[in-house]
Amino acid sequence: MKSEKPNQFSRTVFPAIMLLLAGTFFRVIRVDLAPETLPNFAPLMAAALCGAVFIPGWMGLVVPVVALLVSDALLNLHYGVPVVSSQLLWTLPGYLIAVGLGWIIRERRGGLLAILGGTLLASVLFYLITNTGSWLGLVSYPRNFAGWIQSLTIGLPGYPPTWVFFRNSLVSDLLFAAFFVAVERMIVPVRMESTKAIPA
């Protein structure tokens, strides 16, 4: 009897990986197509979390994190800064937290509400971690509580307020997470059909 595993992978896991990559690299494409429109509208945390939920095994960790790191490198090249920057110290923990939340949701077989709640939490944590990192790493911010609040709200002169970046990323994360779940639910009947026992 021929194994069904390759066919199951191509019909269920492969679409999830493609959707994850599309969501991740949307941030790179958007910078070229509409750099001034909805800054930071990119579903980073949703991609990391949903990748961990729907892509099985070690690929649920490796694929989201590698995709996000590659998109980071491409954006750095676009802006003419070092491919690997100190910002990685703040973004990578955020990615790993999102993947960890995704694994927890997968183990508990959480549904749409759990995924949206996890995405919301991952987005908030990523915002706090990365903006705190900017506050610590940029000399433009005062090294006091007021400076930290500035990094979380109005940001630096000449740029949109950081709360706008957070709002846009949160909206894109929640929309993408809901879309990812909708697509996964369309694939579920295919997965169940492909895993049925085949008579010898």
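The values are calculated or read from the model by the stated rules, or taken from the named source; none is laboratory data. Here the structure is a predicted model, which is why all the values come from computation and not from measurement. Methodologically, a virtual Cβ is constructed for each residue, glycine included, from the backbone with ideal geometry; neighbour enumeration extends over all protein chains shown.
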Next on the checklist: Among the residues of the stretch 92-110, what is the count of those that are in contact (Cβ under 8 Å) with a residue 12 or more places away in the chain and over 16 Å from GLY51 (Cβ atoms)?
Outcome noted: 1
Checklist outcome for this item: SER140 fails exactly one of (1) of a type outside the set (A, V, I, L, M, F, W, C); (2) surrounded by fewer than 18 Cβ atoms within 10 Å (Cβ to Cβ); (3) under 30 Å from PHE179 (Cα atoms), namely (3)
Checklist entry - Listed residues PHE25, PHE14, PHE41; which is surrounded by fewer than 21 Cβ atoms within 10 Å (Cβ to Cβ), of a type in the set (Phe, Trp, Tyr) and not in a helix (DSSP H, G or I)? => result PHE41
Item to check | Of all residues in the stretch 29-76 being of a type in the set (Phe, Trp, Tyr) and touching a residue at least 12 places away in the same chain (Cβ under 8 Å), the one that is farthest from PHE176 (Cα to Cα) | outcome: PHE54
Checklist entry - Would you pick out the residues in the stretch 156-178 that are touching a residue at least 12 places away in the same chain (Cβ under 8 Å) and farther than 30 Å from LEU113 by Cα? => result LEU156, PRO160
Checklist outcome for this item: Scanning the stretch 67-77 residue by residue, the ones that are of a type in the set (A, V, I, L, M, F, W, C) and surrounded by 20 or more Cβ atoms within 10 Å (Cβ to Cβ) total 2
Item to check | Test: residue in the stretch 138-148 that is among the polar types (S, T, N, Q), under 20 Å from LEU38 (Cβ atoms) and at pLDDT 95 or above | outcome: no
Checklist entry - Does GLY80 satisfy the criteria of being surrounded by 15 or more Cβ atoms within 10 Å (Cβ to Cβ), at pLDDT below 95 and more than 20 Å from TRP58 (Cβ to Cβ)? => result no
Item to check | Within the stretch 58-108, considering residues that are hydrophobic (A, V, I, L, M, F, W, C) and part of a loop (DSSP other than H, G, I, E, B), the one farthest from the chain's Cα centre (by Cα) | outcome: VAL81
Checklist outcome for this item: Checked the stretch 44-66 for anything in contact with a helix residue (DSSP H, G or I) (Cβ under 9 Å, 6 or more places away or on another chain) and surrounded by fewer than 22 Cβ atoms within 10 Å (Cβ to Cβ); matches are PRO56, MET59, LEU61, VAL65
Checklist entry - How many of the residues in the stretch 97-132 are crowded, with 16+ Cβ neighbours inside 10 Å and among the charged types (D, E, K, R)? => result 1
